[in-house]
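The values are calculated or read from the model by the stated rules, or taken from the named source; none is laboratory data. What you see is a predicted model, and the numbers here were worked out from it, not measured in a lab. Because the Cβ atoms are built from the backbone with ideal geometry, glycine has one as well, and the counts that use them run over all protein chains shown.
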Amino acid sequence: MHNLDAVFEALAKPAFRRRFVLGVREGRYLRERGMETVIAQAHELIAKRLAPERPVNDGKQTPFRGHPVFIAQHATATCCRACLSKWHGIAPNKALDDAERQHVVDAIARWLNAQPLADLSKQENRQRELPF
């Protein structure tokens, strides 16, 4: 498993990973539910969707919107086993152990904590001001 500082440094380079930001809906969800709840949900989602030896629909199991954790997974390359292997050095084709699961959740939490939630509320207000 790679150090998260090194992983985040590497993830800052590709434009694909940098393009992910929380949408208005996901930002509102995070603000309303709170980081603690969303991180608890991240543990559950990772256990179901990513931790098994051969996850169902691996490579396609993580939606691109709908929950802050999903956006964070794509931004942090914790969305599928191939990305975990490439970016985090976590071997594919074996169930994730507790330390690997925690590593994934730590990456997600780190990314979520870095998101500018204040800016999301401004976006939401601008949308209400539109004449249509």
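Can you say whether Ile39 is under 15 Å from the mean Cα position of the chain (by Cα), over 19 Å from Ile90 (Cα atoms) and at pLDDT 95 or above, as far as the supplied structure shows? Even if it seems obvious, please write down each step before you answer.
Numbers: under 15 Å from the mean Cα position of the chain (by Cα): yes; over 19 Å from Ile90 (Cα atoms): yes; at pLDDT 95 or above: yes.
Judged against the criteria, Ile39 is a match.
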Checklist entry - Do we find a residue being among the polar types (S, T, N, Q), modelled with pLDDT of 95 or more, within 25 Å of Asp5 (Cβ to Cβ) and outside any helix (DSSP H, G or I) anywhere in region 114-132? => result no
Checklist entry - Which residue pairs have Cβ atoms closer than 6 Å, lie 6 or more positions apart in sequence or on different chains, and pair a first residue in region 107-119 that is crowded, with 19+ Cβ neighbours inside 10 Å with a second residue that is modelled with pLDDT of 90 or more and of a type in the set (Gly, Ala, Ser)? => result Ile108/Ala42; Ile108/Ala72; Trp111/Ala72; Trp111/Ala75; Leu112/Ala72
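Which of the residues spanning region 3-48 are assigned to a loop (DSSP other than H, G, I, E, B) and loosely packed, with under 13 Cβ neighbours inside 10 Å?
Asn3, Ala12, Lys13, Pro14, Arg19, Gly34
Looking at region 55-75, is at least one residue of a type in the set (Gly, Ala, Ser), surrounded by 20 or more Cβ atoms within 10 Å (Cβ to Cβ) and in contact with a Lys or Arg (Cβ under 7 Å, 6 or more places away or on another chain)? Before you say what the answer is, go through the steps one by one.
Taking region 55-75 as the starting set, the residues that turn out to be of a type in the set (Gly, Ala, Ser) are 59, 66, 72, 75.
With the extra rule that they be surrounded by 20 or more Cβ atoms within 10 Å (Cβ to Cβ), the set shrinks to 72, 75.
Add one more test, that the residue is in contact with a Lys or Arg (Cβ under 7 Å, 6 or more places away or on another chain), and what stays is 75.
Yes: region 55-75 contains one or more residues that are of a type in the set (Gly, Ala, Ser), surrounded by 20 or more Cβ atoms within 10 Å (Cβ to Cβ) and in contact with a Lys or Arg (Cβ under 7 Å, 6 or more places away or on another chain).
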Item to check | Selection from region 24-61 of residues that are without any contact (Cβ under 8 Å) to a residue 24 or more places away in the chain and over 14 Å from Val105 (Cβ atoms) | outcome: Glu32, Arg33, Gly34, Val56, Asn57, Gly59, Lys60, Gln61
Next on the checklist: Which pairs turn up if I take residues in region 68-93 that are closer than 18 Å to Gly23 by Cα and assigned to a loop (DSSP other than H, G, I, E, B) and look for partners that are of a type in the set (S, T, N, Q) and modelled with pLDDT of 95 or more with beta carbon separation below 7 Å, at least 6 apart in sequence or on another chain?
Outcome noted: Cys79/Gln73
